[in-house]
Amino acid sequence: GAARAQGAVKPPGELVPALPRTAPGAQLQVIDLWPGDPPGGGEGPDPNGYRFDETARGVITKVERPCLLVIRPDKPNGSAMIVAAGGGYRFIDIGNEGVPVGQMLTAVGVTVFLLIYRLPGEGWDNGPDAPRQDAQRAVRLVRAQSTELGIDPARVGVLGFSAGGHLMGETAVGNQNLYPPVDAHDALPYRPALAGLLYPVITMKAPFDGTSTRRVLVGDEVTEVEMRTYSVDVQVRADTPPMFMAQAMDDPIAVCDHVLLMFAALRKAKIPAEMHLFERGGHGFGLGPPGTPVAAWPGLFLAWLHVRGFLAA
């Protein structure tokens, strides 16, 4: 009990296993997002003295202490990517959409930060805004620690999958601070240099709202304010960063209308955007099964990052 609790409150940035057993996130360096309790209040879950609970397959729940898990490249080029795996805002699947994606990015010199964000239904008073606060703080924290982390603060991007794609989309288009400043880091901008969205949830609008994301964030009745707050496409403005999207046409969950709405909004605002639609692939394909068309997206994404100057050493 005492030892475990003590292990959970080591200073941010120290090499401390997030978990007691072997799991995809167990051996990664941890950076806590907040110096104390996260903003907004609430009891939160109880992961037995650990930051969160993670299965052997990398499915995370009970996020008591939101944090970043760091995956470092052998040859860093100064760019950083904050990655948010999906799970319908009910869990975070870093086994499929976190660690493998991080390895793909570190192979080309990107320093990767897996965002372990609070889940709205786990006892946080701010509910749907708790993960958004964590995402804003994550971008600021990576920029604030850019010298120690060997990162160019102008090259901090985000990459999100499914519900994580919704979260990173919201972070990229957001135009208001979602929490009062807790330290000097919060004076830094939270908007990323660019964003990659994979089979993201974009809109709360019927008939495209058959998603766990919509049910968790806004429930059954969506108000006009909630529609404006949690639909990503309606928040695109002239200062929205460039975006990359990839999606399967046969996705039964985040149907392809989501990325089509987003692409139309980006095009209207004259924001640089790239979108790849694949005939088959379903939902949650991660890096894609080898040999299938959707497995082409990582190469397309890396080429896009290269063209945008994001990978320059």
According to the square roots a ≥ b ≥ c of the eigenvalues of the Cα gyration tensor, what is the shape class of the chain, taking rounded for a/c under 1.5, prolate for a/b larger than b/c otherwise, and oblate for the remainder? rounded
Using the per-residue mean of other Cβ atoms lying within 10 Å as a proxy for protection, in what order, highest first, do the peptides 274-282, 98-106 fall? 98-106, 274-282
Packing rank of 250-257, 298-305, where each peptide gets the mean count of other beta carbons within 10 Å, highest leading: 250-257, 298-305
Of Pro189, Gly58, Gly309, whose Cα points farthest to the positive end of the dipole of the chain (charges on the beta-carbon: +1 Lys, Arg; -1 Asp, Glu; origin at the Cα centre)? Gly309
DSSP H helices in the chain with Cα extent of 18 Å or more along the helix axis and mean Kyte-Doolittle hydropathy at least -1.0? 129-144
For the range 2-307, what proportion of DSSP beta bridges, expressed in % and rounded to the nearest 5, is antiparallel? 35
Taking amide H positions as placed in the peptide plane 1.01 Å from N, state which residues far from Glu274 in sequence (5 or more) or on other chains have amide H under 5 Å from it. Met243, Phe244, Met245
Could you give the dipole magnitude of the chain about its Cα centre, charging the beta-carbon of Lys and Arg +1 and that of Asp and Glu -1, in debye to the nearest 20? 700
Can you give me the C-alpha center-to-center distance between the range 101-177 and the range 56-75, rounded to a whole angstrom? 12
Checking rank on 219-227, 122-130, with mean other Cβ inside 10 Å and highest first, the result is 122-130, 219-227
For Cα pairs less than 8 Å apart in space and 6+ apart in sequence, what is the mean separation divided by the residue count of the chain, i.e. the relative contact order in percent? 14
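Every number in this text was worked out from the coordinates using simple rules, so none of it is lab data. All values derive from a computational prediction rather than experimental measurement. Here Cβ is always computed from backbone atoms with ideal geometry, including for glycine, and neighbour counts include all displayed protein chains.
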